[in-house]
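Just below is one structure, and these are the notes that go with it.
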Amino acid sequence: MTLLLTGAAGFIGSALARACAAGNAEPILALDRMGYASSLAALPPLPAPHAFIQADIRDAATLDSVLAQHRPRAIVHLAAETHVDRSIDSPADFIDHNIVGSFQLLEAARRYWQAQGRPQHFRFIHVSTDEVFGSLHADEPAFAPDSPYRPNSPYSASKAASDHLARAWHATYGLPVMVTNCSNNYGPWQFPEKLMPLIIQKALAGQPLPIYGDGRQRRDWIYVDDHVAGLMAALERGRPGATYLFGAGQDQANLDVVHALCDELDRQRPSPLGSYRRLITFVADRPGHDRRYAIDSQATRVALDWQPQVDFAQGVARTVRWCLDNPDWARRDHDGQRLGLG
């Protein structure tokens with residue numbers, strides 16, 4: 001029995017691959033097209049019977065061949081374009097990869113599952129984001145599995161569409177699909193266009209630390225290994241047709257996140273010029289920037305017997321330490337220039 005992980009050389013995908021390889025004798029099939037944010041260095045060693053396949057989920061023929069050859073008992077679908085700013089500049093890429101790619105993967109999974117006799121044990125986990133729910137209204141405490149969809153960026157709209165496709169393939173064809181929506185992930189191996197590694201990279205270089213708008217946009221932050229533990233729990237105990245929300249209850253304003261990173265850098269790599277907070281610079285806000293996200297994950301915690309283990313301060317310390325120990329990662333194929341001004 002094999003687990004197929006799409007987007008396996010990306011941030012969350014590689015973390016899931018590392019966790020599966022460390023704690024599970026089940027073969028892993030790591031599939032990734034190797035886009036700009038993918039890295040084979042983030043993957044664990046994959047000796048046989050594990051395998052890595054460079055392939056694009058938009059290629060139906062290749063997907064059919066891979067599934068027929070390796071016969072996975074589950075697919076965890078993480079392959080996606082994910083950066084909101086990049087989606088503002090290049091929305092077509094997000095429509096193509098996130099919607100068309102998800103459609104092709106769902107169709108290939110359906111063909112394979114039906115050819116295998118519709119096995120009851122098969123699972124398809126579609127991994128998504130809390131951004132599909134849009135910005136919380138003032139009277140809404142947090143997102144729940146039945147929250148309405150209100151995407152406000154090309155990225156979140158593309159993920160919302162793929163969520164709807166996944167649910168439709170369950171309702172129409174019976175494909176054993178689960179949808180998961182997660183809050184902001186952070187931790188080792190995150191591509192340096194994202195907030196935490198970007199701020200760490202710029203601070204160490206003595207460059208301005210850009211804060212969009214007033215910096216009071218709020219997000220729930222979850223350490224990537226806690227999210228991965230949730231996905232593994234969904235694989236083991238999840239119910240087809242269900243929606244699971246993964247959040248750590250670590251609600252932070254963006255400005256407070258940057259303060260925390262600066263303070264941790266002050267402890268771990270102090271600058272002779274003073275606190276890294278001196279570099280904070282407020283810049284024009286992102287078009288369509290959602291004001292607040294928060295996740296109510298209590299139902300998921302009960303259903304999957306899952307709990308996040310890493311609090312925000314611990315996660316920030318670990319992330320800063322990893323970036324300091326891996327300086328070349330922050331500089332890879334990324335110049336730190338701002339995207340998404342519209």
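The values are calculated or read from the model by the stated rules, or taken from the named source; none is laboratory data. The shown structure was predicted, so the numbers you read here are calculated from the model rather than taken from an experiment. Here the Cβ positions follow ideal geometry from the backbone for every residue, glycine too, while neighbour counts run over all protein chains shown.
Counting the residues of region 4-50 that are touching a helix residue (DSSP H, G or I) at 6+ places or on another chain (Cβ under 9 Å), surrounded by fewer than 17 Cβ atoms within 10 Å (Cβ to Cβ) and under 24 Å from Ala109 (Cα atoms) gives 4. Select from region 177-188 the residues that are over 12 Å from the mean Cα position of the chain (by Cα) and buried (at least 23 other Cβ atoms within 10 Å of the Cβ) and write down the one among them that is nearest to Pro327 (Cα to Cα). Looking at residues that are over 12 Å from the mean Cα position of the chain (by Cα) and buried (at least 23 other Cβ atoms within 10 Å of the Cβ), I get Val179. When the residues of region 11-30 are filtered to those that are part of a helix (DSSP H, G or I) and among the aliphatic types (A, V, I, L, M), which remaining residue is nearest to Leu231 (Cα to Cα)? The residue in question is Leu16. The condition of being surrounded by 16 or more Cβ atoms within 10 Å (Cβ to Cβ), among the charged types (D, E, K, R), under 23 Å from Val224 (Cα atoms) and in contact (Cβ under 8 Å) with a residue 12 or more places away in the chain holds for only one of Arg58, Arg123, Arg110, that being Arg123. Checking Leu198 against (1) surrounded by fewer than 23 Cβ atoms within 10 Å (Cβ to Cβ); (2) closer than 20 Å to Asp130 by Cα, only one condition comes out false. Which one? Going through (1) surrounded by fewer than 23 Cβ atoms within 10 Å (Cβ to Cβ); (2) closer than 20 Å to Asp130 by Cα one by one, Leu198 breaks only (2). Once region 234-265 is narrowed to residues that are touching a helix residue (DSSP H, G or I) at 6+ places or on another chain (Cβ under 6 Å) and charged (D, E, K, R), the residue that is nearest to Ala203 (Cα to Cα) is Glu264.
Among residues that are in a loop (DSSP other than H, G, I, E, B), among the charged types (D, E, K, R) and farther than 15 Å from Ala74 by Cα, Arg167 is not included.
In this structure, Gly215 does not satisfy being in a loop (DSSP other than H, G, I, E, B), touching a Pro at 6+ places or on another chain (Cβ under 9 Å) and either charged (D, E, K, R) or surrounded by fewer than 22 Cβ atoms within 10 Å (Cβ to Cβ) (or both). Within region 312-325, is there a residue that is assigned to a helix (DSSP H, G or I), modelled with pLDDT of 95 or more and acidic (Asp, Glu)? There is at least one residue in region 312-325 that is assigned to a helix (DSSP H, G or I), modelled with pLDDT of 95 or more and acidic (Asp, Glu). Out of all the residues in region 150-167, is one or more surrounded by fewer than 21 Cβ atoms within 10 Å (Cβ to Cβ), modelled with pLDDT under 95 and charged (D, E, K, R)? The answer is no; no qualifying residue exists. Answer yes or no: is there a residue in region 35-48 that is aromatic (Phe, Trp, Tyr) and within 18 Å of the chain's Cα centre (by Cα). Scanning region 35-48 turns up at least one residue that is aromatic (Phe, Trp, Tyr) and within 18 Å of the chain's Cα centre (by Cα).
Is it fair to say Phe143 is out of contact with any His (no Cβ under 9 Å at 6 or more places or on another chain) and of a type in the set (A, V, I, L, M, F, W, C)? Yes. If the requirement is being in contact with a Lys or Arg (Cβ under 9 Å, 6 or more places away or on another chain), of a type outside the set (Lys, Arg) and at positive phi, which of these qualifies: Gly215, Gly241, Gly249, Gly206? Criteria check complete, one pass: Gly241.
Close Cβ contacts (under 8 Å, 6 or more residues apart or on different chains) running from residues in region 266-277 that are within 18 Å of Thr319 (Cα to Cα) to residues that are part of a loop (DSSP other than H, G, I, E, B) comprise Asp266/Ser275. Count of region 307-330 residues, restricted to those that are over 20 Å from the mean Cα position of the chain (by Cα) and not hydrophobic (A, V, I, L, M, F, W, C), is 5.
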